[in-house]
Every structure is written in C-alpha cells, then in structure tokens.
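FYI, it's all coordinate maths here, none of it is from the lab. Please read all numbers here as calculations on a predicted model, not as lab measurements. Backbone-built Cβ (ideal geometry, glycine too); neighbour counts: all protein chains shown.
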Amino acid sequence: MKHDPFIVSPDTKVAWKQYDPTYKGHFKNKSQARRELQEHIEHLAKHQEVLYAQNTFALLIIFQAMDAAGKDSTIKYVMSGVNPQGCQVFSFGVPSAEELDHDYLWRYAKSLPERGRIGIFNRSYYEELLVVRVHPEFLNRQQLPPETTTNKIWKHRFEEINNFEKYLSRNGTVVLKFFLNISKTEQKKRFLDRINRPEKNWKFSASDLNERSYWGDYMTAYQDVFNHTSTEWAPWYIIPADHKWFTRLVVSDIICDRLISLKLSYPKVSKAHKTHLLKAKEKLENDE
C-alpha cells in the first residue's frame, strides 16, 4: 500500500481537504481487508521478535486524535500479535502535581521504550500543543516563569519537540506519529452509540461533548502541529478514521514497513559461543 496520501511532507502546508476521513482506498468493505490486516499482524509479531533480540532500536508509536476516533481499538487490533514483554502502552491524562513540578516533557521522557521494545503513547506530549493551546488557562497550572508564557511559547514548543524527536532518532528510537482523522459527523454517530448502548456508557463523559464544541479550535491547532512538527526524522501520518477497519490496515502497514526499513537481524554469536552450543548439544543428546 502506498503511504503518500497519508504522510505530511516536511516543509509543506496542510490543507484539510487533502485528507478525507471517509477514504478507504480500493477496499469495498472490511471483509475484503481482513486477510491483509491479519498478514500485517503476523508480520509485525515477527519483526518485533527480531527487534527485541537485536536490542539496538526502539520504536515509539504516537497516537493523537479527537475523542472516539478509535485510538484504543487500533492499538488493540494492530498489536494483538505482539509479545507483551516487548511492548508498553501509556495513556496520558491530566498531569499530576508531581508531573507539574517538572518540565512538560518529563513525564513522557520517563515512559520512553527501552531498546528492543515498542512503546505506544495513547496521546502524548503533543497535548501540550493541542489541549493546552485550546485551553490556555491550563498553562497557569504549569507554574512557568512569566517571561516564557508570551505568544512565542508555541513556536518554542514546536522547536523543543522537534529537537527532542531528533535526539531520540539519533540515539536509536524510531518515532512514528499517527493522527486518526475522524469527521465530526462520524464522531457524533459514535458518541450516540456510546450513549444508546449500556455496555458502552462507561466510555462517554460530559467532557467529551464539551471538547466537541471546540472542534474548530482543535482543527486549527492540529494544522499548526502538522505544519511545524512533521520532519524528515519524525513525519506525521494523517490516517482516515471514519472506517475503523481501514484505519487499522493503514497503521499496521506503515509500522511493518518502518520495521522492515531498519533491516533488523538476530544477533550473531561468537565462535566461542558456537563451540559452547555444540558441546551443550552433544551433552544433551547423550543424556539419558
């Protein structure tokens, strides 16, 4: 699958009309895509095993989206074949008092994946350029020096995050960033589904509806994020999200392709270790 329709090329301006949330490629329905998704899941499991064994790279996968876009289910399905020992998922909510006593990147930095592992951020440090920008009163809780809270704060944070991701990339952490692009119409449909089905009531909160009222502000903030933080070392992918099955298919394909590009391999053992293996084999075969 070609990824060109989804990637935000560095140094280009995003136009929302380029990214259709209802897009589903050449697939007519989810049953047609099911086999291909299963192949991606199996390939991802194999690549993750080699990633873990080689212990050179780490993979950080970031998911950002409006509410009900399918972040949780995408993580659940795409990573369903991965060994839990090699994968960590972090969901970031409202910062704690301890976290607010540190710089805004602190709580994310201490949750980064180790070499050989896949780390998933369900929301991330990009919330500092999204929800905090839409609700600037949240800056007051961060106890920042007054001279840092000028209109330049967002420009500075774009630069800081780009430098942070460049640092990670240079030190072996591959950063993949996905925005699940749901339409406002589809979000309404999913919200009503959560309200109408008792088993999904727990997923809906009053704050979801409140944040929906800021839709235009969030779209403006996201556009700024894409225009300033889609880089050669960590580009953004804007994934159509009105059809969950297609979202999962594209995300899994991009992750597999990125792992393949790393040219991973199992560690080569030394001659001494090979000799040890042969002796161990001989001993085991002669063991009654």
In this model, which of Lys46/Lys263; Lys28/Lys200; Lys17/Lys155; Lys46/Lys110; Lys71/Lys200; Lys46/Lys271 are farther than 19 Å apart at the alpha-carbon?
Lys28/Lys200; Lys17/Lys155; Lys46/Lys110; Lys46/Lys271
The range 4-151 - share of DSSP beta bridges that are antiparallel (%, nearest 5)
0
In sequence order, calculated HN-Hα J values of the range 44-61 (Karplus, 6.51, -1.76, 1.60; Hz; x Gly/Pro)
4, 4, 5, 5, 5, 5, 6, 4, 5, 5, 5, 6, 10, 9, 10, 10, 10, 10
Using the Karplus equation 6.51 cos²θ - 1.76 cosθ + 1.60 (θ = phi - 60°), what ³J(HN,Hα) coupling, rounded to whole Hz, does each residue of the range 140-150 give in order, writing x for Gly and Pro?
4, 6, 7, 6, 7, x, x, 5, 8, 9, 7
Relative packing of 238-247, 185-194, which averages over residues the other C-beta atoms within 10 Å, highest first
238-247, 185-194
Between the range 224-288 and the range 32-95, what is the C-alpha centre distance in whole Å?
11
For a Förster distance of 45 Å, can you work out the FRET efficiency between the beta-carbons of Val94 and His276, rounded to the nearest 0.05?
0.30
What ranking, highest mean first, results for peptides 122-130, 228-236, 95-103 when packing means the other Cβ atoms within 10 Å averaged over each residue?
122-130, 228-236, 95-103
Can you tell me the FRET efficiency between Ser111 and Asp72 if r is taken as the Cβ-Cβ distance and R0 is 22 Å, rounded to the nearest 0.05?
0.80
Once amide hydrogens are built 1.01 Å from N within the peptide plane, the residues lying 5 or more places from Gly119 or on another chain with amide H under 5 Å from its amide H are Leu59, Leu60, Ile61, Gln88
Which angle between 0 and 90 degrees, to the nearest 10, do you get for helix 153-170 versus the longest principal axis of the chain when only C-alpha atoms count?
10
